[in-house]
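Read the structure below first, then the notes.
The values are calculated or read from the model by the stated rules, or taken from the named source; none is laboratory data. A quick note: this is a predicted structure, and the numbers were derived from the prediction, not measured. Using ideal geometry, Cβ is built from the backbone for each residue, glycine included, and neighbour counts are taken over all protein chains shown. Accessible surface is based on the protein model in full, side chains and every heavy atom, while ligands, DNA and RNA are left aside. Shrake-Rupley method; radii C 1.70, N 1.55, O 1.52, S 1.80 Å.
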Number of protein chains: 2
Amino acid sequence: MSDNQILLSHGSGGKQTNSLISDLFLKYFNNSIISEMNDAAQLTLEGNKIAFTTDSFVVNPIFFNGGNIGKLAVCGTVNDIAVSGAKPLFLSSAFIIEEGFEKDKLEEIVKAMAEEAEKAGIKIVAGDTKVVEKGSADGIFINTTGIGTIRDNVNIKACNAMPGDVVIVNGTLGDHGITIMCERNGLGFDGDIKSDCASLNGLIESMLEVCPSIHVLRDATRGGVAAVLNEIAEASNVSIRLREKSIPVKNEILGVCEFLGLDPLYIANEGKLCVFVPEEYADEVLEIMKKHPLGTDSSIIGKVVESGNSKVYIDTVVGGQRIVDMPSGQQLPRIC
Amino acid sequence: MSDNQILLSHGSGGKQTNSLISDLFLKYFNNSIISEMNDAAQLTLEGNKIAFTTDSFVVNPIFFNGGNIGKLAVCGTVNDIAVSGAKPLFLSSAFIIEEGFEKDKLEEIVKAMAEEAEKAGIKIVAGDTKVVEKGSADGIFINTTGIGTIRDNVNIKACNAMPGDVVIVNGTLGDHGITIMCERNGLGFDGDIKSDCASLNGLIESMLEVCPSIHVLRDATRGGVAAVLNEIAEASNVSIRLREKSIPVKNEILGVCEFLGLDPLYIANEGKLCVFVPEEYADEVLEIMKKHPLGTDSSIIGKVVESGNSKVYIDTVVGGQRIVDMPSGQQLPRIC
C-alpha cells in the first residue's frame, strides 16, 4: 500500500485515525465545535445546549453473541451522547444494504434496534435506506446519529481530568472485542464469551444524580480503555496511573487474550465506560455504579497524577511499571 | 431473487422503497414523529421546533460533472432540512471507506464538503470514520445527518397540498440523473450535461420571505418529480394536474431521455424542488424564484385539483392526458 491509500488502521480508533482526523477532516471542517473533539458535538440551539453525534456501524459478523449490528448501532450512539453528560432523546438510522441481503435478517436487526431504543428511552425518528449492487457492500452497514439535551449542571469533557481524580470502569473489559474475534475466526472457547453491548444512559444518569461534578466520561470502544485514557491524558494534559490488579477482566476473556497475545486494555468494549471523578466522590459513585445492573463489576482502576508528559502508566501485578501507549496500527477491523 | 431478498428497487425511492418503509421500518420504529414521513423529522426540543434528517450517499461514480459524493452529501441533507421550512444549521458526516481508497481523492471529497457547507452557511460539527477491507465497500459511502430550526411562521408538510395550489419547479429536470447515467455508462453526448447538485436553502429562504404560507416543498431526488408528486398527492389526498409543455427540460437532457426511452419526470435531481403555493401567491413566488441564481428557469408546471383518488395526471403536448404513476421497480441505482 502506498502512502496515498487509506488503510484499515485509519478506522481503528488509534494513532492513524487521529492523524487522519487532524490532518484531513479538521483541516477542512474547521470550527470551534468539531475541534473540541468530544464524543458528541456540543451545540447551542436557540439557547439550549444540545449533544449531537454520529457513528457508522460495519461490524462483522452482523450477528454475534450478545447482540447484532442493529442493537450495537443504537447502544453506540446512545452511549456517545450519554457520556457527554446529555440525555439521549432522538436517533436517526440510515441503512446501506447489499442487494440480496435477507429480509428476515433485516427484520431481526430492525427489531433489535426498536427494542434497544425502547430500553434506552429514545425515539428513532428519521431514516434512510440505500441498496447497492451485490459485491458493493458487505451485507449491511448502519449509521445512527443522535441528539440529546445537555444537563444544565454538568460539564463533562475529555479535557477536564484533574490530578487527584479517581478513574472507575463499570465492569469487565474486552468482552465485545473478544466475542467478535472468536466468532469471526471460528475460535471455540469454553465459558461465557458474550458482547457487553448495552446502552449506558441509565447508569450514567444514576451516577450524575449522586455526583454532577463528574469530570470526564468516555465509553471505551475502538482502541479499548488504552485509547480512551490516552486521549483523556492528552486532552487534559495529565498523566494517569493504573493498577493492573484492579482492572476487571473475566477469566474466559483473559484466557483468550493470553492465548492470542492480546492485552484487554486495548480490546473494544460496547458497554463500558471510564469515569473520572474527584476523589471525595469516588466511593459514593462506585457504590451507585455497583448497584446498577450494568455496573455490578465496577472497579477503581487508577487515578490521575501530576504530569509533564500526558502518559498512561500501569503498575503491573508483578510489581513493575510500564507505559500504556496509544494503540497504533491495525487493531481488529470492523469491531463496531 | 427470492421474496426474502432486498433488491436494488428497495433503495430506488419508488413503490418498493415505500413498502419496505411501511412494512418493516414503521412497523418497529413506530412513533408519531417518524410516521409523519416528512423529509425531515420535526422534533420539539425544550420548546424549540427542530428539523432532523439523515441520508447516506452511495453515488457511483464518486466524481461526476458538477460535483462529487461529498458535495452531494452536503447538498442532499441541507435540502432535506430546508424543504421542511427549517434553517439548516449543523451537519454530521460519517465516512465508510474501502481499504486502499486514495487519500487525495478523500481530500478532494472533504474539501468539496467544506466548500459546500460554507456556501450553504452550515457547520459540519461531528464525524466518524470507518474503514472496511478491500472488496467490502465500493470506494466510499458518506452519511450526513442534519439539524435545523423550524421557522415559527411556517407549516410545510407533504399533507398540506390544497385544491387550487399552484405547483412550481425551480428549473430544468433530470440533470443529475442523466449526468450520472451518461458517466457510468461511458455515454458521450454533446452539450452541457452536468449535475444540478446544489444547496437550495438560500432559494427557499427568499421564497419564504415573500410567501410564508407555502403549503408543500419537496426536493425531487430519487424517483424524480413523479415520485415526489405522487407522495404529496397521496399524503394530501388530492390530485395533481401537470402541463407537459410547461415542464422545463434542457434540450441535451431531453435528447438523452429520448435516446434511452426515459421520462425526465422520473429522473433524479439534486438541486430541484417542487413548491405548492396558494394560487394568489404564485406569481410573486415565481418572480422571486426566477431572480435567484438557482431558480432562473423556474416554471409553473401544474396545479392541485379536487380529488377522489390521489393521482397525478399530465396533459401532454399532443393534447392527450395520462397518469404519471409512482415509479416502480429499479430506477437507476446509486444515483445519490
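Quick notes
- The range A:264-293 versus the range B:209-262: alpha-carbon centroid distance in Å: 55
- When Rg and the Kirkwood Rh are both derived from Cα coordinates, the Rg/Rh ratio for chain A amounts to 0.95.
- For chain A, the relative contact order works out to 24 percent when only alpha carbon pairs closer than 8 Å and six or more residues apart are counted.
- Shape category assigned to the range A:63-133 from the gyration tensor of Cα positions, a/c cut at 1.5: prolate
- Cut-off 17 Å, label 7 Å out along Cα→Cβ of A:Phe63, residues of the range A:131-169 by amide N: A:139-141
- Only helices enter the 222 nm calculation for chain A: every DSSP H run of n ≥ 4 contributes -39,500 (n - 2.57), and dividing by all residues gives -8500 deg cm²/dmol, rounded to 500.
- Loop sites in the range A:39-129: GluC sites (Glu not before Pro), DSSP, at most 14 other Cβ within 10 Å: A:Glu46
- Inter-chain Cβ neighbour average for residues A:50-62, partner chain, 10 Å: 5
- The Rg/Rh ratio for the range A:158-323, using Cα coordinates for both the radius of gyration and the Kirkwood hydrodynamic radius, is 0.96.
- Sum of side-chain charges, B:Arg241 neighbourhood, beta-carbon under 14 Å (Lys, Arg +1; Asp, Glu -1): 0
- The fraction of accessible area contributed by carbon and sulfur in the protein assembly as shown is 46 percent, rounded to a whole number (1.4 Å probe; ligands and nucleic acids excluded).
- For the range B:31-150, convex hull volume per residue from C-alpha positions, Å³: 116
- With the simple model of a label 7 Å out from the Cα in the direction of the Cβ, A:Glu118 to A:Thr296 spans 2.3 nm.
- In this structure, the residue pairs whose Cα-Cα separation is over 26 Å, taken from A:Lys123/B:Lys111; A:Lys123/A:Lys290; A:Lys123/B:Lys303; A:Lys105/B:Lys71; B:Lys245/B:Lys272; B:Lys15/B:Lys311, are A:Lys123/B:Lys111; A:Lys123/A:Lys290; A:Lys123/B:Lys303; A:Lys105/B:Lys71.
- Taking all protein chains together, A:Lys105, A:Lys290 sort by accessible area into A:Lys290, A:Lys105, largest first [probe 1.4 Å].
- Inter-label distance, nm, simple model (7 Å from Cα along the C-beta direction), A:Glu108/A:Glu209: 3.6
- Peptide A:145-158 shows a mean partner chain C-beta count of 2 within 10 Å per residue C-beta.
- The mean count of C-beta atoms from other chains within 10 Å of the C-beta of residues in A:23-36, rounded to a whole number, is 5.
- Cross-link reach list, aspartates and glutamates versus B:Lys250, counting only Cα pairs under 14 Å and skipping chain neighbours closer than eight places: B:Asp175, B:Asp190, B:Asp192, B:Asp196, B:Glu258, B:Asp263, B:Asp297
- Rounded FRET efficiency, nearest 0.05, which uses the C-beta distance separating B:Asn30 from B:Val318 and R0 of 35 Å: 0.15
- Remark: C-alpha extents of the range A:239-318 on the principal axes read 39, 37, 24 Å, sorted largest to smallest.
- Per residue, the accessible area of chain A comes to 36 Å², computed with a 1.4 Å probe over protein heavy atoms only.
- Within the range A:243-328, the GluC sites (Glu not before Pro) that combine a DSSP coil assignment with at most 10 other C-beta atoms in a 10 angstrom radius are A:Glu306.
- Under the criterion of Cα pairs below 8 Å and six or more residues apart, the relative contact order for the range B:158-323 equals 43 percent.
- Label distances, nm, B:Ser2 versus same residue in remaining copies, Cβ-directed 7 Å point: 4.5
- Pairing chains B and A buries close to 7100 square angstrom of accessible surface in total, based on protein heavy atoms and a 1.4 angstrom probe.
- Each principal axis of the Cα atoms in the protein assembly as shown has its own extent, and those three values, largest first, are 91, 46, 41 angstrom.
- Ligands, DNA and RNA excluded, the heavy atoms of B:Ser35 present near 60 Å² of accessible surface to a 1.4 Å solvent probe.
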